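A.B. asks: The structure's right below; bear with me while I get my questions together.
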Amino acid sequence: MKRLLLPVLFSLALAGTASAASYNIDARHTQVLFTYSHFGLSHQVGRLMEVSGTFDFDPAQPAKSSIDVQVPMSSLSTGIAKLDAHMKSPEMFDAEKFPTANFKSGKVTVIDKNQLSVAGDLTIHGVTRPVVFDVTINKAEIDPARKLGVPDSTRSTTIKRSEFGVGFMLPKVPDEVKLSISMEAREPSKEVPEAKKPG
């Protein structure tokens, strides 16, 4: 099993006492970014504009936590239309044939009170590889705007795109791609109606 070092900082913004709950990822406050070197001359940044999924968390039994994240590859955006079209084409991620990237956790191991090891499957371009995420629990606080259960996390890691079958322009364009995710999730029963949501 390949190990991806993925520090994850969980700021558990919870109203009152934290309790076990199933959360929906809040796409309005979640960003999925990727960075890669362009011939060693510059570092290009892109974003996957849409994300969905669930996060089950029990602070009393963190080993029972789980996360399932889906990202539509059609939402890939670099801000350059021609580059976006090429990245979604069969030469690269083939978004029409492989429309979704996904991470689904499996075993969660508690290392200590602030550290978890999360093993799961990462799927990109139709290729699924086992990975292990190293997780750091940061702190717990109350969401001042909504007073609701809102787990918040920031994570980053580096993968090799060739391992997912994306080898275009190797080795001129480097293999490594850095992924960065800033995520919030909310209890479905407590989600604020769209018209009443603060920014």
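We did not get these values from a lab; they are worked out from the coordinates using the rules stated. Here the structure is a predicted model, which means the values were calculated and not measured. Quick reminder, even Gly has a Cβ in these numbers, built from the backbone with ideal geometry, and neighbours come from all protein chains shown.
A.B. asks: With only Lys, Arg, Asp and Glu charged, each at its Cβ (+1 for the first two, -1 for the last two), find how big the charge dipole of the range 47-134 is about the Cα centre; round to the nearest 20 debye.
C.D. replies: That gives the range 47-134 a dipole magnitude of about 60 debye.
A.B. asks: Starting from the amide H of SER65, placed 1.01 Å from N in the peptide plane, find each other amide H under 5 Å away whose residue is 5 or more places distant or on another chain.
C.D. replies: Amide H neighbours of SER65, under 5 Å, 5+ apart: ASP58.
A.B. asks: What list of ³J(HN,Hα) values in whole Hz, one per residue of the range 32-41 in order, does the Karplus curve 6.51 cos²θ - 1.76 cosθ + 1.60 (θ = phi - 60°) give from phi, with Gly and Pro shown as x?
C.D. replies: 10, 10, 9, 9, 8, 7, 9, 6, x, 8
A.B. asks: Another question about this same structure. Over 32 Å between C-alpha atoms is what I'm after, so list which of LYS97/LYS160; LYS82/LYS178; LYS113/LYS172; LYS64/LYS160 land there.
C.D. replies: Where the Cα-Cα span goes over 32 Å, the pairs concerned are LYS113/LYS172.
A.B. asks: Describe numerically, in nm with one decimal, the distance between label points set 7 Å from Cα along Cα→Cβ at ARG28 and at ASP68.
C.D. replies: The answer from the label model is 2.4 nm.
A.B. asks: What residues of the range 81-97 lie in the reach of a label at LYS160, counting those whose backbone N is under 20 Å from a point 7 Å from the Cα along Cα→Cβ?
C.D. replies: Taking a point 7 Å out along Cα→Cβ of LYS160, the residues of the range 81-97 whose backbone N falls under 20 Å are 92-93.
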